[in-house]
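Beneath this line is the structure, given in structure tokens, with notes to follow.
The values are calculated or read from the model by the stated rules, or taken from the named source; none is laboratory data. In this text the structure is predicted, and so the values were computed from the model without any measurement. Using ideal geometry, Cβ is built from the backbone for each residue, glycine included, and neighbour counts are taken over all protein chains shown. For the accessible areas, the whole protein counts, side chains as well, though only heavy atoms, and no ligand, DNA or RNA atoms are used. Shrake-Rupley method; radii C 1.70, N 1.55, O 1.52, S 1.80 Å.
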Amino acid sequence: MKKDLLNELLQLNVWARSLKKLEQETIYQPIAENKWSIAEIISHLMFWDRYILQERIPIMVPNASLKSDVNVNEMNNKASEYTRSEVSFNEIIDSLIDCRESIVSILEEKSEEELSSTFKINDKELNLISYFKGTLKHDAHHMQQINHF
């Protein structure tokens, strides 16, 4: 179970690396009307991985009762704005890959018992496995958007 989860989490990196070959005009073009560009979607994934790495994982401990205190719209807006800064698309991809590898490294160190120990976020009972299965669904949603485009 653990090995499969970690391998699935790392699939995002393989896919993200493949995006480095895209043309500049494709990267910054919205994928549909009123939708983000590929760069903004990758930045969004990176911002959320960074949040999980820095803010979530350290407090996801057995029996913790956590609140979802992040402002989703603000986080998403910052991710979008980041793509219009001096950062290159490849740097955004590299940051995403680094964050995801760091998450996987932390999870690798956890025992099966630690991975399956429960905690709550807004009264919803989770464990690290179920939490990161949700992350995989989020990844798949955005990967599908970009692949379809």
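Just the protein heavy atoms count here, and of the accessible area of the stretch 1-103 at 1.4 Å, carbon and sulfur take up 47 percent. Only helical DSSP H runs with n ≥ 4 go in: add -39500 (n - 2.57) per run for the chain, normalise by residue count and round the 222 nm mean residue ellipticity to 500 deg cm²/dmol. Roughly -20000 deg cm²/dmol at 222 nm, from the helical runs in the chain. Between S105 and N34, the FRET efficiency from the beta-carbon distance, with R0 = 35 Å, is close to 0.40. Ranked by the mean number of other Cβ atoms within 10 Å per residue, highest first, peptides 32-41, 72-81 order as 32-41, 72-81. Among the lysines of the chain, pairs at least eight places apart or on separate chains and with Cα atoms under 23 Å apart come to 29.
Share of pairwise Cα-Cα distances greater than 11 Å in the stretch 98-142 is 70 percent (whole percent). In the chain, taking the dipole from charged Cβ atoms about the Cα centre, the farthest positive-side position among N71, L12, H148 is held by H148.
Rg then Dmax, both in Å and based on the Cα atoms of the stretch 1-105: 15.0, 48.
Of the complete DSSP H runs in the chain, none spans 24 angstrom or more by Cα along the long axis with a mean Kyte-Doolittle score not below 0.5.
Per residue, the accessible area of the chain comes to 57 Å² when a 1.4 Å probe rolls over the protein heavy atoms. Take the Cα of E81, step 7 Å along the line toward its Cβ, and report every residue of the stretch 31-60 whose backbone nitrogen sits under 16 Å from that point. So the set is 40, 43-44, 47-48.
Its Cα centre serving as origin, the chain has a Cβ charge dipole (Lys and Arg +1, Asp and Glu -1) of approximately 240 debye.
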